[in-house]
Every structure is written in structure tokens, then in C-alpha cells.
Amino acid sequence: MKKKVIGVYAPSSPAHIWFEEKYLFAKKQLENMGFEIVEGDLVKDRVYQGYRTASAKERAEEMMNLVKNKDIDIDIIMPVIGGYNSGSLLPYLDFDEIEKSKKKFFGYSDITALQMAILKKTNLKPIYGGSLIPTFGEYEGISLFLKNTLDNLFFKKSYSLEEPEFYSNKLLNAFTDEWKNKKREYIKNEGWKILNEGEAEGEVIIANIDTLVSLLATEYVPSFKDKILILEEMNATIDSEERNLNTLKLSGVFEGVKGLIFGKPEVYNNKNSNLEYIDIIKEVLGERNYPIIYNFDCGHTIPSLIISQDSLLSLKANHMTGIKVEILKNSYIG
């Protein structure tokens, strides 16, 4: 079987330079899994402007050069990490070329900006999850949960989404040797929880809340009508979460969906309010007539599910029988 080739680029933060040893470790782990890695021009040449690699136009050119590469048949386009500025690339991307390439675009968090634009402008289905350093740079190695997640994504037309028994939201400093010298702390998973009972079936869209809000009122936002929407956040500080969720509500995002799923935030700060994360979600959403669950494992906590956008998803939430989430048609396979 031909090796899958991953084209690696840096659309926002230059984490391959900040955390060079972790980057090389993650790259080696992917190679040990049987992937071939091809670096984009900015990554390969170690171009660096502090918080980013280069200008938005140059970062877009790095991505497009991987998309249009005629010398190597690249299967997957994967960022080194997220950041805050992937949306800056959007005016410089050629979405006709992106669609013709039929590449699989991985990533999450700030990469939401690129994924929403690809969903809106093309017929491709990006994959939410799988950035090189945070996903594959765990010093303890590739977890069984991650292996199973990738096997499901790559090979199964339909499958159930399962919650991990344990998860971690403890940051390990990659600016020092802590990421490899300190054992990651895991917490017993409380499981997915129900806010609103019900059943729904629809294509799924996954997005980072903060990044999605930054795209509203632009030409790069797909329709959420009749979708099941999964929303996740890295740093959920309660005042900014209230603002962001309210902005989504005022923009009508919550009106046409068939169901809502909220991921675990990596960091939650209640700012002395004594409110839980779900409390502000309930307050902003109010009464809804579709199923809503939370504490989901897709986003920044480790391990996390990796899901192909626009896959047909079934959500069943019942206080008596529990929660069942299934991929009925995996869009990665088609």
C-alpha cells in the first residue's frame, strides 16, 4: 500500500520553531506510523516573525504550494499547530485549486477559519482534529484512543463515537523540557452530559467558538441550517464566553441547527462568578427544541475525537437510556 503523504505548513503560529524538539518528535511519530512528511517552504526554511512565520500572503502561498505540488502526490495537508491568525490567509487562497486538489485538510482550533472557508467555497470535507505538534507530539506516544480514532476515520464508513475513560486538560510547557520530563495528569472522565433531551440526524460541522465568531458576517461562513453543530473552546474565560455565545445567538447560528454539542474546554475560568461552563451556555441559549449535550471530547483536551466535517451524524440524548453519538456516513471515505 502506498504511503500517505502529509504536507505540513504553518498558517499561524511558528510552533515548529518555538518547540523545535517537540515538532521533530511529532514528525518522527507520524513517520513511524507509516506517513511520509513533506514540509512547506516556510516550515522548511524556518522563516520566522515572532508570533507568525511570515505575512498572510506568504503563509497562503506556502499552503497553496502544497496544494498544487506536482512533484509529490500529497494526500493530507496538516498544520504544525493553530494560533490566532489563520483567517488572515483567506483572501489569498485559490479555492478552485483547493477543490481540484481533493486534499484532506486536517486541523482544529484556529484552523476553524480555513475549514469553514473550505466548506463554504468548495465541496471538500475538512477533518476537525489532527494538528501535528499537539496531536502527535505526546511524549508518552500515540494512545490507543488516538489509534482507534484514526482507524475509524480512515477505514470505516460508519461507527460509534466513544468517550475516553480518562482525559487531560493539564498544559505541559513545551518551551521547556516539561513536555517530556513531566508525566501528563489524567482525570476520570465524567462522561458526556445532557442539557436537552431529543434525537437528531444531520450533517455535522465542528468549530472553535472564538474563531467562528471572528468569521461572522464574512463570505467564509457555511450555512448551519439543519446541521448538528459541535462547538469547542480552548480558553473559556466566562466573560468572553458569554460574549461569544451571545454573538452566535444574535447572528442566528443556533436557530436553524438540528442539535448542539459542546466540547470540554481545556481551560475554564469562572472569574469568581461561581458559575460552571454549562451555566453560561444554558443562560445564553434559553429554551431550545433540539437535543443538546456537553462535556464532549472533541477539541483541546487530550485525547480528542477527530471527525470529518459534513459526516452524517446521529445524536440521541435521553436521561433514561443515556447518550449515543454515531457517524452514519463518514465523509472522509465518501
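Counting Lys and Arg as +1 and Asp and Glu as -1, what is the net charge of the other residues whose Cβ lies under 12 Å from the Cβ of residue 246? It would help to have the intermediate numbers written out before the result.
Details: positive: 243, 249; negative: 239, 241, 242, 283.
Here the count lands on -2.
Checking every one of the trypsin sites (Lys or Arg not before Pro) in segment 10-110 against DSSP loop status and a limit of 14 other Cβ atoms within 10 Å picks out 46, 70, 102. Rounded to the nearest 10 degrees, the angle from helix 144-155 to the longest Cα principal axis of the chain is 80 degrees. Of the residues 82, 30, 101, the one whose Cα sits farthest towards the positive end of the charge dipole of segment 5-117 is 82 (charges of +1 on Lys and Arg Cβ, -1 on Asp and Glu Cβ, taken about the Cα centre).
Based on Cα contacts under 8 Å between residues 6+ apart, segment 203-301 shows a relative contact order of 32 percent.
According to the square roots a ≥ b ≥ c of the eigenvalues of the Cα gyration tensor, what is the shape class of segment 251-334, taking rounded for a/c under 1.5, prolate for a/b larger than b/c otherwise, and oblate for the remainder? Verdict is prolate for segment 251-334. What is the Cα centroid distance between segment 21-37 and segment 117-142, reported in whole angstrom? Segment 21-37 and segment 117-142 have Cα centres spaced 15 Å from each other.
For segment 37-112, the spread of Cα coordinates along the three principal axes comes to 32, 24, 20 Å, biggest extent given first.
What percent does the relative contact order of the chain come to when contacts are Cα pairs within less than 8 Å and at least six residues apart? Provide the component values of the computation, followed by the final result.
Values: 716 pairs, mean separation 62.1, N = 334.
This gives 19 percent for the chain.
Distance distribution P(r), segment 149-196, all Cα-Cα pairs, bin width 10 angstrom from 0: 20, 28, 34, 16, 1 percent. Shown here for segment 200-265: GluC sites (Glu not before Pro) in loop regions (DSSP other than H, G, I, E, B) with at most 14 other Cβ atoms within 10 Å, namely 219, 255.
A simple count of charges around residue 96, restricted to other residues whose Cβ falls under 12 Å of its Cβ and scoring Lys, Arg +1 and Asp, Glu -1, yields 0. Compute the long axis of helix 20-32 from its Cα atoms, compare it with the longest principal axis of the Cα atoms of the chain, and write down the angle in degrees, 0 to 90, nearest 10. Result, in degrees: 90. Taking amide H atoms as placed 1.01 Å from N in the peptide plane, the amide H of residue 232 lies under 5 Å from those of 207, 208, 209, 263, each 5 or more residues away in sequence or on another chain.
For the chain, the longest principal axis of the alpha carbon atoms and the long axis of helix 238-250 meet at an angle near 80°.
Return the ratio Rg/(2.2 N^0.38 Å) for the chain, where Rg is computed over Cα atoms only.
Details: Rg = 19.0 Å, N = 334, 2.2 N^0.38 = 20.0 Å.
Cα-based Rg divided by the globular estimate yields 0.95.
Surface exposure of the chain, expressed per residue as accessible area with a 1.4 Å probe, stands at 45 Å².
Say the cut-off is 29 Å between C-alpha atoms; which of 22/193; 57/282; 100/258; 102/157; 28/258; 103/227 go over it?
With Cα atoms farther than 29 Å apart: 22/193; 57/282; 100/258; 28/258.
Ligands, DNA and RNA left out, the 1.4 Å accessible surface of segment 68-110 is 43% carbon and sulfur atoms.
With a ≥ b ≥ c the root eigenvalues of the C-alpha gyration tensor of segment 195-334, is it rounded (a/c under 1.5), prolate (a/b larger than b/c) or oblate? Display every interim value, and only then the final one.
Working: a/c = 1.44, a/b = 1.25, b/c = 1.15.
Rounded, because the longest to shortest axis ratio a/c is under 1.5.
Along the chain, the longest continuous region that contains none of the chymotrypsin sites (Phe, Trp or Tyr not before Pro) in a DSSP loop with at most 13 other C-beta atoms within 10 Å is 176-334. Pull out a ≥ b ≥ c, the square roots of the eigenvalues of the alpha-carbon gyration tensor of segment 114-164, then state rounded if a/c is under 1.5, prolate if not and a/b is larger than b/c, and oblate in the remaining case. Judged from the Cα gyration tensor, segment 114-164 comes out oblate (a/c at least 1.5, b/c at or above a/b). Helical runs (DSSP H, four residues minimum) scored at -39500 (n - 2.57) apiece and divided by the length of the chain put the mean residue ellipticity at 222 nm at -8500 deg cm²/dmol. Quick check: the distance between the Cα centres of segment 223-258 and segment 260-288, to the nearest angstrom? Computed from Cα coordinates, the inter-centre distance equals 11 Å.
For segment 6-58, what's the relative contact order in percent, using C-alpha pairs closer than 8 Å and at least 6 residues apart? Mind showing how you got there, number by number?
On the way: 51 pairs, mean separation 26.7, N = 53.
This gives 50 percent for segment 6-58.
The values are calculated or read from the model by the stated rules, or taken from the named source; none is laboratory data. These numbers come from a predicted model, not from an experiment. Cβ coordinates were reconstructed from backbone atoms using ideal geometry, including for glycine residues, and neighbour counts include every protein chain displayed. Each accessible area value is taken on the protein alone, full model and side chains, heavy atoms only, with ligands, DNA and RNA left out. Shrake-Rupley method; radii C 1.70, N 1.55, O 1.52, S 1.80 Å.
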